[in-house]
Amino acid sequence: MQVEIATEAVPDLTLVQTCTKNPNHARFFKFNGFRMENIPEQWRRPEILEYIKNIGIRVVRLTVKPPDREARYGSGAVYKGLGFYFVLTNDHVVENQTDVVNCTVDFFYDSEDQSQVVTSKGVQLVACSGLHDKSVFTIDTVPPKIMHITKSDDIAPWVKVFATLEDKSISESYGMLLKKWNEWYVWATVEESQRKPVVKCEIEFQAVKTERVYSTDIDNTDKMVIIKLQESTLPQVIKESSLLNTTAPWPRGNRDFIPVVIAHPHGGPKMISVGKLLAVEITDPVKPSFVYHTAETCPGSSGGLLITLGGDTLPYNGCANTIGMHREGDSQEEFRGIPIENKNLNLSMFQF
Ligand SMILES: [Zn+2]
């Protein structure tokens, strides 16, 4: 499988001469032309169309052009947490602070007509993880049109992390709380200049600032540290919170969802593709959860959004979430003995 970044931006997919990944670009739906009949019949409802469109406006095109390197194009999505907006994408699209400050973020690139595009710039890397292939950064301007994003239907609550490093210095940062079945974890980042093994952490929950939790069970193998918490030490409010409260207009708990990807293939206009779910792979609780599917993607789609139409992640990890992120793809005839009709084998990830 190949990561899906593009090295040039094509303003109209009909102009792409050869695409070895996915020659059938006609199967993409243009974002601003996506209509009810493009939704598979069993979920063809106005509120579902509205949900897909409302989430899709968060998808942005990313152009990363660090000095002395060729430009690369990918996709990302905008979220809100702790009162500020940030972009979530793959670590292989935006790897470090140099990439962030050399990253252009294009909102509303929804058709070949680019007159509605609003451009923003990357400001500060908040967190990145090689293992999970994710990075999070802030941007300088947020268009008013996407400021209605207030529901935390897709991110875990934030925590503040005071990490004691090996040399006894303290690193202060933000982290995200997550739960897989009955295991609780915090993902936190340690500033690059301070990156020494973390030996102890103190966690302050944004929801209950009066109670702090300590842990020495810390995994330092990734760029992002993973802190395991004992459930017995957690404040009651946290234990009772649903963490990921899906607001999707379909019933919770269906494992056979329809994968829908919203991204910027070939660095061009935003497209929607609808495919078939092939497999979900969850191994270690702290490792990423993989979703294999056939919703068409091309180079440039890395970091785009995955929507689990008609289902969610509850049967897989104990938390109902309907949003994930795209990551890799390949042209393949079959997957583990299952023929792939459109020869498009893709790998996306659940949020956790
Ligand atoms: Zn293509």
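The values are calculated or read from the model by the stated rules, or taken from the named source; none is laboratory data. In this text, all values refer to a predicted model and were calculated from it rather than measured experimentally. Quick reminder, even Gly has a Cβ in these numbers, built from the backbone with ideal geometry, and neighbours come from all protein chains shown. Protein only, heavy atoms only, side chains kept; ligands, DNA and RNA dropped before computing areas. Shrake-Rupley method; radii C 1.70, N 1.55, O 1.52, S 1.80 Å.
What the table shows:
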{"quantity": "Prolate/oblate/rounded label for region 90-151 (Cα gyration tensor, a/c 1.5)", "calculated": "prolate"}
{"quantity": "Solvent-accessible surface ranking, highest first, for TYR214, TYR79, TYR85 at 1.4 angstrom", "calculated": "TYR214, TYR85, TYR79"}
{"quantity": "Paired Rg and Dmax values of region 158-240, which use every Cα atom, in angstrom", "calculated": "12.0, 37"}
{"quantity": "Placed amide H near GLY76: partners under 5 Å, 5+ positions off or other chain", "calculated": "VAL60, LEU62"}
{"quantity": "Largest-first ordering by accessible area, 1.4 Å probe, given options TRP43, TRP187", "calculated": "TRP43, TRP187"}
{"quantity": "Where only C-alpha atoms are counted, convex hull volume of the chain per residue in Å³", "calculated": "134"}
{"quantity": "Environment charge at ASN344 (Cβ cut-off 13 Å; Lys +1, Arg +1, Asp -1, Glu -1)", "calculated": "-3"}
{"quantity": "Surface accessible to a 1.4 Å probe, per residue, for the residues of region 105-149, Å²", "calculated": "41"}
{"quantity": "Solvent exposure ordering (accessible area, 1.4 Å, most first) of ARG336, ARG58, ARG45", "calculated": "ARG336, ARG45, ARG58"}
{"quantity": "Sulfur and carbon atoms: percent of accessible area, the chain [1.4 Å]", "calculated": "49"}
{"quantity": "Neighbourhood charge, 14 Å Cβ-Cβ cut-off, centred on LEU131 and excluding it, Lys, Arg +1 and Asp, Glu -1", "calculated": "-2"}
{"quantity": "Crossing angle, helix 46-56 versus the chain [Cα axis fit, 0-90 degrees, rounded to tens]", "calculated": "70"}
{"quantity": "Area accessible to solvent at GLU334, 1.4 Å probe radius, in Å²", "calculated": "110"}
